[in-house]
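Peer 1: Provided herewith is a single structure, encoded as structure tokens, for subsequent inquiry.
The values are calculated or read from the model by the stated rules, or taken from the named source; none is laboratory data. Source: prediction; values computed, not measured. No Cβ is skipped: glycine too gets one built from the backbone with ideal geometry, and neighbour counts run over all protein chains shown. Heads up: the accessible areas ignore ligands, DNA and RNA and are worked out on the full protein's heavy atoms, side chains in. Shrake-Rupley method; radii C 1.70, N 1.55, O 1.52, S 1.80 Å.
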Amino acid sequence: MNSGSLSPFEMLARYERLSLAHASGTQERFEAPGLWRGIGYRSGTHLFVSGIEEINELLAVPALTPVPGTKPWLLGVANVRGNLMPVIDLARFLFSEHTYHSERTRLLVVRQGGGSVALMVDEVFGQRTVDVEQRREAEPEDDPRLTRFVDDCVNVDGQRLAMFSMGKLVRAPDFRQAAA
């Protein structure tokens with residue numbers, strides 16, 4: 001595979017796979033059936049994990065241009081390699097809480113019909129792997145603000161992570177309607 005055709009995120013994922021393949025005993029665990037891989041992140045006080053296939057890219061927060069007449073959770077648009085992309089404050093959309101920008105703040109780029117959207121989160125923890133036993137012990141989400149996007153919460157490395165569906169988010173009518 002030509003590394004010049006890979007995005008930075010794809011290149012990092014490839015390096016991670018190669019690195020894990022060389023670690024003792026991890027190749028079998030990494031490729032074992034029943035493992036689910038996701039990206040862990042924090043929005044406000046909530047910890048989430050979304051399927052690695054649902055997140056196309058991770059970005060530092062670029063300059064944003066506000067869009068008048070939109071909901072407060074639509075922060076504006078960003079120019080990402082010549083493409084305009086709406087930027088959503090995920091905490092503000094879900095909880096009416098503002099995400100405070102820091103050096104850890106990141107954008108999760110998610111594809112939706114007709115383009116991509118960037119979700120601002122407080123920080124990204126990186127890849128998380130959920131095994132069959134963790135899925136079996138999963139608990140249902142009890143926060144009514146999240147139940148339409150989260151079915152299960154799993155315990156990974158001592159953290160309770162809500163398994164957040166980006167697909168359900170981008171199909172939600174209120175998410176798709178950003179006009180005020």
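Peer 1: Name the single residue that is surrounded by the fewest Cβ atoms within 10 Å (Cβ to Cβ) among those in the stretch 141-159 being part of a strand (DSSP E or B) and of a type in the set (Val, Ile, Thr).
Peer 2: 156
Peer 1: For the stretch 53-83, enumerate the residues that are among the small types (Gly, Ala, Ser) and under 20 Å from residue 173 (Cα atoms).
Peer 2: 69, 76
Peer 1: Sort out which residues of the stretch 133-168 are closer than 20 Å to residue 44 by Cβ and hydrophobic (A, V, I, L, M, F, W, C), and write them in order of number.
Peer 2: Across the stretch 133-168, the qualifying residues are 146, 149, 150, 153, 154, 156, 161, 162, 163, 164, 166.
Peer 1: Sort out which residues of the stretch 92-113 are farther than 15 Å from residue 167 by Cβ and small (Gly, Ala, Ser), and write them in order of number.
Peer 2: Correct list: 96, 102.
Peer 1: Take residue 115 and decide whether it is open to solvent by 30 Å² or more (accessible area, probe 1.4 Å) and among the small types (Gly, Ala, Ser). Walk me through it before giving the result.
Peer 2: Numbers: open to solvent by 30 Å² or more (accessible area, probe 1.4 Å): yes; among the small types (Gly, Ala, Ser): yes.
Considered against the rule, which asks whether it is open to solvent by 30 Å² or more (accessible area, probe 1.4 Å) and among the small types (Gly, Ala, Ser), residue 115 comes out as yes.
Conditions (1) out of contact with any Cys (no Cβ under 9 Å at 6 or more places or on another chain); (2) of a type in the set (A, V, I, L, M, F, W, C); (3) modelled with pLDDT of 95 or more, marked per residue:
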position: 134; (1), (2), (3): yes, no, yes
position: 138; (1), (2), (3): no, yes, yes
position: 147; (1), (2), (3): yes, no, yes
position: 151; (1), (2), (3): yes, no, no
position: 155; (1), (2), (3): yes, no, yes
position: 158; (1), (2), (3): yes, no, no
position: 166; (1), (2), (3): yes, yes, yes
position: 172; (1), (2), (3): yes, yes, yes
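Peer 1: Taking the stretch 160-179 on its own, how many of its residues are open to solvent by less than 20 Å² (accessible area, probe 1.4 Å) and out of contact with any Lys or Arg (no Cβ under 8 Å at 6 or more places or on another chain)?
Peer 2: Result for the stretch 160-179: 6.
Peer 1: Right, another one. Which of the residues belonging to the stretch 158-170 are closer than 17 Å to residue 51 by Cα and free of Cβ contacts under 8 Å to residues at least 40 places away in the same chain?
Peer 2: Selection gives 168 alone.
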